[in-house]
Amino acid sequence: MNEILLADGVGYTGLFADFNTTFWSGMLRIAYAMVAAAPFLVAGVLAAGMLRGMVGASRVRKILGVGHWSGPFRAWGLGVLLPICSLGALPVARELRRAGIPSGTVLSFVLVAPVLNPVSIIYGLSHIEPVTLIYFAVGTFVVSTGIGMIWNWCVSSEQDGDPETFEQAPRHSIHRVAVVGDTAARSLVGPAMVDYGLALLAVGFLGAFLPHGVLQTGMTRDNVLAPVIMGLVAIPVYVTPTDVMMHFGHIVRDGYSLGAAFALIVLGAGANVGVANWLRRDYGFKPLLLFVGLLIGSTLVIGFTADRTIVHGNATKEDHTHAFDAFTRLAEVSADEAGPAWVVREVRASIEQHEASGMAEIVGLCLLGLIFVVGAILRLTGDRFSVDHLLKSGGEDEELTAPAWDPTLSPRQLVAISAVGVIVLAGIGLFVFYPDPANLMDEMRIIRVEAYDAIRAGDVEEFQRRTAQWRRQAEKLPTSSMIRGIEVSEDAREGLAEFLYGLKTLEGHMATGQFDDARMMKSYVDRLYRSCCEEFRSTWDVAN
C-alpha cells in the first residue's frame, strides 16, 4: 500500500511529525491561503455588489437565460470574464440566487470562474503548452456545463423558485454606488464567514497532517490511481487561479500525471469545502452528494483519459518535485522557529519573492480588511442603514434627468461598459505582468549573479529564493514575446525547457547538501542559460 499510494522516495519524511511541525505547518498554510485569496475575494464581493446595484435582477436573468436550456453555457461565459477564485465565487453565487437564477446555472458559474478567467489564462500561457491548456479548458467546460444541466434537471426544477419580487437596480449613480458598497461589505459577514472559515480550516488540516513528500510516488503517471489520490487531496485544498496554473506547469514539466493535474484544477481550484457547505445549507445532504458524485466522477473520467492520450510523463518515485509541496506539511519546523512571528516572517518573505502578485496581495489584504470592518458595522446596526428601499423603486423604464457629468446609464450599457473594462484591464495587466523580453533579460542577469553567489557561499535558502525568481522570469519569455507579435521558435522553447531542467537538477544538488557537485554543475547550467537567451534573441531579431 505504501508503494501504491504514498511516497517512499526522495523527500518523503514519514507519516508523523512533532507538534511544532504539525501545528505550525497548518497555521502557515492557512496564512498563505488567506493572503493569496485576498485580491480574488475582494474582486468577488465587488462583482456581487455590481450585479445587484448596477445590473439588476431582471437584466441578470436575461443575460443568463432563465427559462432556457442555455443557462449553464451562458454562466460559463460569465465565469470566464470574472477574475475570481473559488471563495470569491461564493458572494457572486449568492447574488445570482437572489436574482432567481436556477441553481444548476449558478453551479456552472461557480465551477468555471475560479479555473478559467482572464488572470488564470494569462498566467497559464507561461506555464502550459497552448494545446494542453485548450484540452483542459474543454474538459472544464464539459464538467461545469454538464453538471449544471443535470442539476437543473434533477434538483432545480423541484426546489428552486422565483423570488416574490424582483429587485430593480437604482437609476441614480449615487444610489447604485451605495448598493454596491453595502452588498460587497455584507458579503463578508454572516453565513458567508462560516463558508470561508471551513475552507481555510480544511487547508490548515491538510497542511498539518499530510506528510511532506507523500504525494511523489502516488502522482506518477504509471500509477493508474493518480487522479483518484489527487482528487482526495484536492477536495479540502484551496488554490488560487494563478497558483493552480503554476502547479499544473510544474506537474507537466516534471513528468507527473496529467490526470492528477486536472483533478487539482477542477477539485482544488474550482471547488472547496465552503462551496459544499453552501450547497448543504441551501439544499440538504442528498443534493450535495449528487453534486460531489458528479464532480468527482466527471473529473476522474477526463483525468484518466488525459493520462492515456496527451503526454506520457516519465517521473518515477526516485524523482523529486516541488509541485506538491504547497499542499503538505513542512519537512520540519524547529522549536526555535515555531510561533506567530515565524508565520508572519514566512508570509512576508513569500510576498517579497512574488513581486507582481505580492503587491496585489498587499492591496487585497488592505481592501479586504476595510470591507470587513464596514460589513461588521452594517451587520451590527441591522436595518438602520439598509439600502433595500433603493432597490424597490426606480425601474429600468423610469425617465430621469441627470447632469451631463453624471449620466444615467441603462443596465445594458453598464454590462457593455463592464465587459469592455474587463478586457482593457486584462490587456493592461497582461503587458504589466509580462514585461518586455529585454527587461526580463536584464532582471535575470542580476538574479543569476545572486544565485551563483549563493552557490559559492553554500547558502541553500538564498539560492532557492533566487532560483524561484529566475525560473519565474524565464518562464515569462514565451508569453512576453507572443503578446508583442513575436513568434517563438521551437528551438527557443526547447532551449528554455533544457535550461529549466538543468536549473531543477542544480536545485536538487543544493537541497541535498551536495555543494561541490552544485559548483561543478554551475558552468553547465550557465551554458544552457546563455544558449536559451541566444535562441530568444535570434527569434526577436528575425521578427524585427
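Bear in mind these aren't lab numbers, they're just calculated from the coordinates by the rules spelled out. Everything numeric here is computed off the predicted structure, so don't read it as measured data. Reconstructed Cβ throughout: ideal geometry from the backbone, glycine too, with neighbour counts over all protein chains shown.
Once backbone amide H atoms are built at 1.01 Å from N, residue 489 has no partners under 5 Å, excluding neighbours fewer than 5 places away on the same chain. Overall, the chain carries a charge dipole of about 1240 debye about its Cα centre when +1 sits on the Cβ of Lys and Arg and -1 on the Cβ of Asp and Glu, all other atoms neutral.
Here the label points at residue 453 and residue 23, each 7 Å from Cα along the C-beta direction, are separated by 3.9 nm in the simple model.
Residue separation of residue 461 and residue 68 scaled by 0.36 nm, minus their Cα-Cα distance, works out to 135.8 nm of gained length. Peptides 450-460, 498-508 ordered by packing proxy, namely the average of other Cβ atoms within 10 Å per residue, highest first: 498-508, 450-460.
Membrane-span-like helices of the chain, defined as complete DSSP H segments with a Cα extent of 24 Å or more along the helix axis and a mean Kyte hydropathy of at least -1.0, are identified as 19-50, 130-151, 191-209, 285-309, 355-381, 411-433, 437-457, 490-511, 515-543.
Summing +1 for each Lys or Arg and -1 for each Asp or Glu among the other residues whose beta-carbon sits under 15 angstrom from that of residue 192 gives +4. Between residue 363 and residue 201, the distance separating the two model label sites (each 7 Å from Cα on the Cα→Cβ line) works out to 3.4 nm.
Applying 0.36 nm per residue to the separation of residue 308 and residue 331 and subtracting their alpha-carbon distance, the gain on full extension is 5.0 nm. Mind counting lysine pairs for me in the chain? Cα separation below 24 Å, and the two need to be 8 or more apart along the chain or on different chains. Taking the chain as the scope, the lysine pair count is 5. One chain, two ends: residue 138 and residue 389. Fully extended at 0.36 nm per residue, the span grows by 86.0 nm beyond their Cα-Cα distance. Each residue of the range 257-269 is assigned a 3J(HN,Hα), and the resulting list reads 5, 6, x, 5, 4, 5, 4, 5, 5, 6, 8, x, 8 Hz, derived from the Karplus form 6.51 cos²θ - 1.76 cosθ + 1.60 (θ = phi - 60°), x at Gly and Pro. Sorting 55-64, 369-378 by their mean Cβ neighbour count within 10 Å, with the most densely packed peptide first, gives 55-64, 369-378. Think of the chain as having a plus end and a minus end, set by charges on the Cβ of Lys, Arg, Asp and Glu; of 57, 37, 19, 57 sits farthest toward the positive end of this dipole.
Sorting the segments 259-271, 513-525 by their mean number of nearby beta carbons within 10 angstrom, highest to lowest, gives 259-271, 513-525. Can you find, among 529, 497, 539, the residue sitting farthest towards the positive end of the charge dipole of the range 475-544, where Lys and Arg contribute +1 and Asp and Glu -1 at Cβ? Value: 529.
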